[in-house]
Amino acid sequence: GGIITQTPKFLIGQEGQKLTLKCQQNFNHDTMYWYRQDSGKGLRLIYYSITENDLQKGDLSEGYDASREKKSSFSLTVTSAQKNEMAVFLCASSIDINQAPLFGEGTRLSVL
Amino acid sequence: QQQVRQSPQSLTVWEGETAILNCSYEDSTFDYFPWYHQFPGESPALLIAIRPVSNKKEDGRFTIFFNKREKKFSLHIADSQPGDSATYFCAAIDQGGSAKLIFGEGTKLTVSS
């Protein structure tokens with residue numbers, strides 16, 4: 001079986017800092033996603049990548065950059081961390097856009 | 001902006017009852033509708049999904065009912081068990097268009113014994 005690995009699991013940053021979250025999948029999936037989940041809330045789409053050389057903005061892309069370095073990896077950068085920001089960033093992947101994605105375990109971000 | 005609306009926000013049922021969770025959408029180009037459940041401290045996990053060519057999809061105790069005309073779909077959990085207590089998210093994607101997978105806000109289900 002495959003796995004989606006997100007690193008780091010926990011990330012503590014300073015206000016204004018640029019922070020990078022990484023996601024690797026060994027399913028050989030084409031499509032990858034980044035979502036943000038605030039406590040007790042739903043999932044909001046930040047960026048997604050339909051295939052290896054594609055990058056699409058979600059509804060929450062402002063303040064973030066993303067990079068699909070290769071088919072198996074998809075990184076997300078918080079360009080300037082906001083004070084007191086706390087959220088879980090979830091990476092997901094699917095074989096293609098015709099299938100529902102599987103999720104990684106998340107990166108929990110806290111900004112001091 | 002494409003939206004998926006979910007209700008109720010929270011739901012409590014007794015063990016053995018059927019829990020009904022509802023979703024609606026606006027964009028008629030949505031063509032694939034998965035449901036996920038999420039236990040505290042864990043990531044969402046895919047439960048069941050439906051395409052509009054069907055108006056019903058069953059998998060064990062879980063059934064999706066789909067009404068394309070009204071743009072509504074619901075998840076029925078039969079014979080609810082305390083272990084079903086979790087937050088359930090519906091989602092929708094326009095596979096032929098933007099390919100954005102959009103989630104509802106979630107329903108927190110509690111099954112009491």
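Go through the residues of segment A:59-74 one by one and say whether even a single one is under 17 Å from A:Gln17 (Cα atoms), more than 11 Å from chain B (Cβ to nearest Cβ) and in contact (Cβ under 8 Å) with a residue 40 or more places away in the chain. No, every residue in segment A:59-74 fails to be under 17 Å from A:Gln17 (Cα atoms), more than 11 Å from chain B (Cβ to nearest Cβ) and in contact (Cβ under 8 Å) with a residue 40 or more places away in the chain. Just name the residue that is farthest from the other protein chains (Cβ to nearest Cβ) out of those in segment B:1-22 that are part of a strand (DSSP E or B) and open to solvent by less than 70 Å² (accessible area, probe 1.4 Å). It comes out as B:Val13. All of (1) away from every other protein chain (no Cβ under 14 Å); (2) open to solvent by less than 40 Å² (accessible area, probe 1.4 Å); (3) within 16 Å of the chain's Cα centre (by Cα) hold for B:Thr107 with one exception: (1).
Here A:Thr20, A:Thr31 are screened, and the one residue that is in contact (Cβ under 8 Å) with a residue 24 or more places away in the chain and within 20 Å of B:Phe103 (Cβ to Cβ) is A:Thr31.
All of B:Lys68, B:Lys100, B:Lys56, B:Lys108 fail the test of being modelled with pLDDT of 95 or more and closer than 30 Å to A:Lys57 by Cβ, apart from B:Lys108.
Taken over segment A:25-58, residues that are more than 12 Å from chain B (Cβ to nearest Cβ) and modelled with pLDDT under 95 amount to 2. Anything in segment B:46-71 that is open to solvent by less than 40 Å² (accessible area, probe 1.4 Å) and either part of a strand (DSSP E or B) or closer than 27 Å to A:Arg36 by Cβ (or both)? List them, or say none. Correct list: B:Leu47, B:Ile48, B:Ala49, B:Ile50, B:Phe62, B:Thr63, B:Ile64, B:Phe66.
Filter segment A:88-101 for residues that are open to solvent by 10 Å² or more (accessible area, probe 1.4 Å) and in contact with a Lys or Arg (Cβ under 8 Å, 6 or more places away or on another chain) and give the result.
Let us first name the residues in segment A:88-101 that are open to solvent by 10 Å² or more (accessible area, probe 1.4 Å), namely A:88, A:95-100.
A:Val88, the sole residue that qualifies.
With respect to being more than 13 Å from chain A (Cβ to nearest Cβ) and touching a residue at least 12 places away in the same chain (Cβ under 8 Å), B:Tyr25 fits the description.
Going by the conditions given, is A:Gln14 open to solvent by less than 70 Å² (accessible area, probe 1.4 Å) and over 11 Å from the mean Cα position of the chain (by Cα)? Walk me through it before giving the result.
Working: open to solvent by less than 70 Å² (accessible area, probe 1.4 Å): no; over 11 Å from the mean Cα position of the chain (by Cα): yes.
Taking the combined requirement at face value, the residue does not satisfy it.
Do the conditions hold for A:Thr77, that is, is it in contact with an Asp or Glu (Cβ under 8 Å, 6 or more places away or on another chain), open to solvent by less than 50 Å² (accessible area, probe 1.4 Å) and β-branched (Val, Ile, Thr)?
Working: in contact with an Asp or Glu (Cβ under 8 Å, 6 or more places away or on another chain): yes; open to solvent by less than 50 Å² (accessible area, probe 1.4 Å): yes; β-branched (Val, Ile, Thr): yes.
Spelling it out, A:Thr77 is indeed in contact with an Asp or Glu (Cβ under 8 Å, 6 or more places away or on another chain), open to solvent by less than 50 Å² (accessible area, probe 1.4 Å) and β-branched (Val, Ile, Thr).
Taking segment B:72-99 as the range and being open to solvent by 60 Å² or more (accessible area, probe 1.4 Å) and closer than 13 Å to B:Phe30 by Cβ as the test, the residues that pass are B:Lys72, B:Gly96. Screening segment A:75-112 for residues that are at pLDDT 95 or above, within 14 Å of chain B (Cβ to nearest Cβ) and in a loop (DSSP other than H, G, I, E, B) and picking the one that is farthest from the chain's Cα centre (by Cα) gives A:Glu105.
The values are calculated or read from the model by the stated rules, or taken from the named source; none is laboratory data. Owing to the predicted nature of the structure, the values given are computational and were not obtained by experimental measurement. No Cβ is skipped: glycine too gets one built from the backbone with ideal geometry, and neighbour counts run over all protein chains shown. These accessible areas exclude ligands, DNA and RNA; they are computed on the full protein's heavy atoms, side chains included. Shrake-Rupley method; radii C 1.70, N 1.55, O 1.52, S 1.80 Å.
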